[in-house]
Amino acid sequence: RATGSSARRAASGSASMPPTASSRSTFPSGSRRSTARARRARSPRRCSTSFDSVPEQDEAKRLLRAALNEGPAHAYLFHGPAGVGKRAAAVAFASGLLGNDPRVGRRSHPDLYVLEPLGDQIRIDAVREMRRDLHMRPFEAQRRVYLIFGAHLLNDEAADALLKDLEEPPEYAVIVLVADEV
């Protein structure tokens, strides 16, 4: 039994013809244009990427805003106990570096690379994959941003490989390490 759009095409008698732009707007869910407009209107509220979403941390926010205005360094370390807002600050900073694009909050910006631990550590294979990407030029923004969450979980081999890249990173790359402990 057909379900979804296949059932609608079969019921309308045009199963062999692909839907056209005019037939899409006749679906019960509404037109594509109104759906896209509603999605754009919801997006900024759903994924806040400004420093306003970061609790307290006034001095850190001041320093990060200054880095955005004057030009960023090649690497940053956000560290502190769990729950102080490191992750939110890192995402907000990445958003600022990439032009305050709402796709950063959804982690879908083409110039954003996010590396998170798999299980209890970040393994060398993940760092090698990131290192290959590190030398690619930005697609849309002026730079590429690499967020490494759980950087304290890098195993020794992965940490050594990453440190080599931190010595001489490409001029268009910014690496943000987020760690619970140094």
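The values are calculated or read from the model by the stated rules, or taken from the named source; none is laboratory data. These numbers were taken from a predicted model, which means no experiment stands behind them. Only protein heavy atoms, including side chains, enter the accessible area calculation; ligands, DNA and RNA are left aside. Shrake-Rupley method; radii C 1.70, N 1.55, O 1.52, S 1.80 Å.
Some points to look at:
- Selected residue (criterion: farthest from Tyr113 (Cα to Cα)) from residues of the stretch 123-182 that are within 20 Å of the chain's Cα centre (by Cα) and β-branched (Val, Ile, Thr): Val178
- Any hit, the stretch 124-138, residues being of a type in the set (Asp, Glu) and either open to solvent by less than 20 Å² (accessible area, probe 1.4 Å) or outside any helix (DSSP H, G or I) (or both): no
- Some residue of the stretch 153-162 being among the hydrophobic types (A, V, I, L, M, F, W, C) and modelled with pLDDT of 90 or more: yes
- Residues satisfying the stated conditions in the stretch 58-83, i.e. open to solvent by 80 Å² or more (accessible area, probe 1.4 Å), within 20 Å of Glu181 (Cα to Cα) and not small (Gly, Ala, Ser): Glu59, Leu77, His79, Pro81
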